[in-house]
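Okay, structure first, notes after.
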Amino acid sequence: MRFLTTPWARARRAAAADQRRASPTVTVAVCTLDRRDQLERTLHALRSLTYPAFEVVVVNGPSTDGTAEMLEGFDHSLRVATCGVAAIGASRNIAVASAAGDLVAFIDDDAIPPPNWLETLLPAFDDPLVGAAGGAVFDVPLGRVDWQLCTCTRLGAGNTDSPGPISRYLGAGADPVAYLAGCNMMIRRRALQQVDGFNPLLTGAYDDVDICCRLNDAGWGIAYVPAAVVRHDRAPNLTRDDQQTIRDPYRILASRAIFAMQSTVAPDETAVVAMLAESLREWTVFADQQLAAGHLTPVEHQRFVEQAEAGARDGLAAGRGPRLVTVIPDPPRHLFRPYR
């Protein structure tokens, strides 16, 4: 099949080819907290990446499991920064500030990418209007791809398998809006600078939704690249246990409330409050079921419900305030260190 060409189209393709040949620098950012063994496995896996121009930056939260000591063994191949609080939004901002690359690729400390991960995502950025690109996520505990074309409403109702095309969920004010899984996304640094980085109020959820929402509303395109698949182990964290069961819903509800209040210029607080009330009812039913099944003791059940209520209350209060601005500096290009 022959395609019609124009001088403009030929020039754009030539410019894209030149950009690929120039090998834009990429920083692979890994934010971690008390996952020493999983992080070490991820760092070894990153050595198998075949892209020639990437570095690795690890942001270590207030870990107490020997993560800092383990990272000393990688001292000559990556750079380490620290985050004094257990908050993914703040940690991602530290990663971006430390990154020397033109693009920042985020992967979780319990995820494994394929060797061609970066090369698979990079062509999306041939379009200068694309600010972020990401792929699918294979959920290891479930044994299947569970995160594909992801969307979320402005009230925080997510769908990880939305019908395409992605253009249905893009454009200023789109609701639902497309977003990328936080363990498999690459973002232009200058796009992050334009939208003031990640929301540091988001401690454990909705950080990926929020940044994609802000990029979209600022006019940047978001690309979904289904061939770029990472494997995600979903290790235990402050919210879930090793059986993937939610044990503490505080961060989920607080982050959802903050996102819902700050995802639009003029939020409908009445709608947010109604959403939180319904969400609390759903989490209470979940807790009741866990109690009946013997997975929660009466004391744990009471604490679960109290944490859900506190998360909704604290998140709503925090969301009423302004979104915190994080100034993203220009990249410290002189610190770029190819990962080996």
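The values are calculated or read from the model by the stated rules, or taken from the named source; none is laboratory data. Because the structure is a prediction, the values reported are computed rather than measured. Glycine gets a Cβ as well: all are built from the backbone with ideal geometry, and neighbour counts include every protein chain shown.
When the helices (runs of 4 or more DSSP H) confined to region 228-340 are screened for residues that are in contact with a Pro (Cβ under 7 Å, 6 or more places away or on another chain), at pLDDT 95 or above and of a type in the set (Gly, Ala, Ser), those reaching at least 2 such residues are found at 298-320.
Could you run through region 214-227 and say how many residues are β-branched (Val, Ile, Thr) and in a loop (DSSP other than H, G, I, E, B)?
If we filter region 214-227 for residues that are β-branched (Val, Ile, Thr), which is where we start, we get 222, 225.
Keeping just the survivors that are in a loop (DSSP other than H, G, I, E, B) gives 225.
Number of matching residues: 1.
The residues in region 190-217 that are in contact with a helix residue (DSSP H, G or I) (Cβ under 6 Å, 6 or more places away or on another chain) and at positive phi can be counted, and the count is 2.
Given the residues Arg92, Arg79, Arg144, which is the only one that is without any contact (Cβ under 8 Å) to a residue 40 or more places away in the chain and basic (Lys, Arg)?
Selected residue: Arg144, the only one of Arg92, Arg79, Arg144 that is without any contact (Cβ under 8 Å) to a residue 40 or more places away in the chain and basic (Lys, Arg).
Out of all the residues in region 181-213, which are of a type in the set (S, T, N, Q) and outside any loop (DSSP other than H, G, I, E, B)? Spell out the reasoning first.
Kept after step one, since they are of a type in the set (S, T, N, Q), are these residues of region 181-213: 184, 193-194, 199, 203.
Answer for region 181-213, where residues must be of a type in the set (S, T, N, Q) and outside any loop (DSSP other than H, G, I, E, B): Gln193, Gln194.
Per this entry, Val58 is counted among residues that are part of a strand (DSSP E or B) and either in contact (Cβ under 8 Å) with a residue 12 or more places away in the chain or in the same structural domain as Asp207 (by TED's automatic domain parsing) (or both). Considering only region 228-268, state which residues are β-branched (Val, Ile, Thr) and either touching a residue at least 24 places away in the same chain (Cβ under 8 Å) or in the same structural domain as Leu215 (by TED's automatic domain parsing) (or both). Answer for region 228-268, where residues must be β-branched (Val, Ile, Thr) and either touching a residue at least 24 places away in the same chain (Cβ under 8 Å) or in the same structural domain as Leu215 (by TED's automatic domain parsing) (or both): Val229, Val230, Thr239, Thr245, Ile246, Ile252, Ile258, Thr264. Does Ala178 qualify as being assigned to a strand (DSSP E or B) and either under 18 Å from the mean Cα position of the chain (by Cα) or crowded, with 16+ Cβ neighbours inside 10 Å (or both)? Yes, satisfied.
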